[in-house]
Each structure stands twice: as structure tokens, then as C-alpha cells.
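Here the structure is laid out as C-alpha cells; the discussion comes afterwards.
The values are calculated or read from the model by the stated rules, or taken from the named source; none is laboratory data. These figures come from a predicted structure and were not determined experimentally. Neighbour counts are summed over all protein chains in view; Cβ atoms, including those assigned to glycine, are modelled from backbone coordinates with ideal geometry.
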Amino acid sequence: MDKIKPISIEFFSPFNQEACTRCGICFNKCPIMELSIEDSIEEINRLIIGEKTKRVLKDCQSCFTCNFYCPENVHPASLILQRWNEQYLKEGLKLRGKHYMTLYPHYPNFRSYVMDHLPNQTKELVKSWASLDPLKGDTLTYPGCNIITFAELTQTSLFTDLDIRGRLEYCCGETLFRTGYKDELFQVTKRLDAWFNILKPKKLLVLCTAGTNVFKNVLPHYGLTYKFESIKSYIEFLWEKILNGEIMVKEKLDMTVAIQDSCYSKMFGEEYMDLPRKILEFIGVKVVEINACREDMRCCGIGGGFSVDSAYHPMNLMKSTFKNLKEFKEKKVDGLCVYCAGCLATYLTSMNLYFRKNMKVYHIIELLQMAIGEKPMPYKAKKKRAKHFFWGIMKKQLFKTYSKKTFKIAEITETPPDLDIAY
């Protein structure tokens, strides 16, 4: 493949059936399925005519790698999302999927369960982010659902003076997009538009790569009308601070790590994918690459539950995560570095069942903190947080795992149910 360049919103346009040559490259290059060319051709033909596929609709993790490898740029991932949406509208989603819905408070979920068990100090911090008071400057720093459950990551001099605003009710809809829930995503954008028009930010700084891509390239397809002067990822923000001499390393870290790339990092091109590696090099950390990295990365494991057939089946999630952990362990590194708090939660949670528990998982912010002389969130506290994720899943989902009952997602109102605001 040629050097990956930043994509535009057209990358997420509908599938172009007329331009598809049925070459089979898309699913042959898929890092999850790795189908033969013959099987791949058969699967794309089944998708196009609307027949049930043998593997794609069941196993796809919507990482969009197939879009990058398609020589005709026909957006095969969009066809998968379309078929998932049709399947969902016809069949509904299995009941076990409720606990993974990001639509709090319509559905108490794995994140809200964890938030109920946060330390009181962290609860107060997260509560402060829900403020609708005018912004202190022109930039809204958007935490995203995953950072909200690991809010301690923001308590560092690296983020001094940032005005962080957000809550679970203002989810960007990333998982709704990646699971094909089209109508619900349009409802999410109405809520976000209303919220942005209260706070009136000029710029958006996003504390995750996924949210950066969703706001830049996805939501414009789903009715988001609010316009920002700029949308920037925190990874870019941190690298700019390093280049400007605003981050001073007290002691370089003598360690090796493997990297779990964000599913969305490849959307921003080679230079963006280089940034986490440059940051780690700056603080003395050596990166050992695995085969499934950069544009060929595999999802941390949560994507194993995205299909309608899977509906977040816990065994599918764990199996996907364990496959990655096995490859990381083979590299004999000191730890695993993530730059998505969702990946942090997924790996830490899976460690509760993984038989090799001695691999430590770090968010890149934590490694930076260590290098500049700050103490990150204690590892024991992170493991405790992961146990809340784990037991929330066990208590709320396990007994529904094999239920044949299904449900349809409730309508997402423009105003969150617990807010009395006149728009």
C-alpha cells in the first residue's frame, strides 16, 4: 500500500457499487478475517446482493482497513454498516447488548456502573465537567466517554488551564456509528448541536483519537451543523507542547513497550501515526512494533462485539483481546502503551481473566507524567477500576448472554432527561 495520507469526510461516503470490481482485496487484507481472494470475492458479492455472509457480517470489527486497501475507493466498510443497520432494524439487538449501549441515562451501562463506583474526589471532578457555564476561553476540551471513566488521566500539568466539558449524555456516538445505527446517530448530533450552541466554543480539543475523527469526518454525514474553527486531538496538542519546549523531561524512562494503535489513527495519515512513537522516543521509551500495527492494526477487542450477531458477546470480546495480548507477550516488552482510554479499559478489564497478568498497561499520558516527574494514577487504583468494569459486565450482562430476546434502541431526545434547559 502507498503511504497512508489523511482522509477526508468522503472516506465515509456510501458504498459505490458501480465502481466495485469485485477484486477481493478488501477482505483479503483485513487484519481480522484475512480471507483468501476467492472467499473475499464471494463475501463482497453476498454483501452487494444482500445475502447472508459466511464471515464478514459476523466477524467484522469496523476498523475500516478494507477502505484503505480498496483500489477503487468504493468504501466497502460503509456497505457493512448498511447491512448491519438493515439487520438491526429487522431483528433488533440481542438483550445482552444493552449493557454496552452508550446512551446513558436511557440505559445504565458499563461506563455508568464504573462511575457509580468512582472515588468521591473523582466523582466531583467528573461532575464539574458537566457545567453549562460559559467557557473560560474559546476552546472546549472534550473528554469523551472513556476518559470520563479514567478522569484521573487529566490531572496533570500537561493539561493545565484546559476547560474540560462533557458527560456521558454528550457521547459523540462513535460506537453507534461503528455498529451501523444510522437513525440514532442523527439523534445524537441534534443533542450535540444543542449543547455546542449553549457553550459556543470556537475550537474543539478532543482527548481521544476516535472522537477527533468522529467530529471531523463522521458527524458531518449525520447532520452535525455546528462549525468549529479547528478540531485537534490531544496527541497533536502534546506534540506541539514538546516542540515548543513546554514539556521538560526530568528523567528518561528506560523501558520498551508495544503500542496498541487507535482504530482511527490511520484516518489522519502516517504523520499522525508517528506522533505517539515520537512522544515515546522523546521520553526515552523504545517501541517494539508488532505485525498488527499502524494501518494494519487490530482493534483492542471491543470491536469483537460490534456486529448484530455478536451483540457484545463477552466471549467474542475476550477472544479478540487475548489474540492481541498473545502477540504483545511474544515481544517480551516491559509494557503495553495505549493512547485511547477505551483500549486502556478493555485491556485492564481482560487482564482479570488472562492467565498471564504480569504485563502492565499504560496510557501514554501516564508515561509522560512519569518522565516529567509526576505521579500518575496508582496501578492498583487502575486495576480496581478495571474490576468494576469486569464485575459490571458479569452482574449486568452475563445472565442475558444467551437470551434470545431482542430490543430496539430508545429515541435519543435533544435534551438529556435530567436537564431542564430551554433551547
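Numbers at a glance
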read-out	value
Tally of residues being over 18 Å from Arg55 (Cβ atoms) and crowded, with 23+ Cβ neighbours inside 10 Å across segment 303-324	3
Given (1) in contact with a helix residue (DSSP H, G or I) (Cβ under 7 Å, 6 or more places away or on another chain); (2) surrounded by fewer than 18 Cβ atoms within 10 Å (Cβ to Cβ); (3) within 21 Å of Leu344 (Cα to Cα), index of the condition Gln155 fails	(1)
Residue match in segment 4-23 (condition: in a loop (DSSP other than H, G, I, E, B), surrounded by 19 or more Cβ atoms within 10 Å (Cβ to Cβ), at pLDDT 95 or above and touching an Asp or Glu at 6+ places or on another chain (Cβ under 7 Å))	yes
Qualifying position, being surrounded by fewer than 21 Cβ atoms within 10 Å (Cβ to Cβ), under 18 Å from the mean Cα position of the chain (by Cα) and over 30 Å from Leu89 (Cβ atoms), among Lys241, Lys232	Lys232
Segment 158-185 - residue that is among the hydrophobic types (A, V, I, L, M, F, W, C) and surrounded by 22 or more Cβ atoms within 10 Å (Cβ to Cβ) and, of those, nearest to Phe64 (Cα to Cα)	Phe177
Ile44 vs. criteria of a type in the set (Val, Ile, Thr), touching a Lys or Arg at 6+ places or on another chain (Cβ under 9 Å) and either in a loop (DSSP other than H, G, I, E, B) or within 28 Å of Asp261 (Cβ to Cβ) (or both)	yes
Residues satisfying the stated conditions in segment 217-243, i.e. assigned to a strand (DSSP E or B) and not β-branched (Val, Ile, Thr)	Ser230, Lys232, Ser233
Of residues in segment 96-150 being hydrophobic (A, V, I, L, M, F, W, C) and assigned to a helix (DSSP H, G or I), the one farthest from Glu174 (Cα to Cα)	Leu125
Those residues of segment 77-100 which are among the basic types (Lys, Arg) and farther than 24 Å from Phe64 by Cβ, in sequence order	Lys90, Lys94, Arg96, Lys98
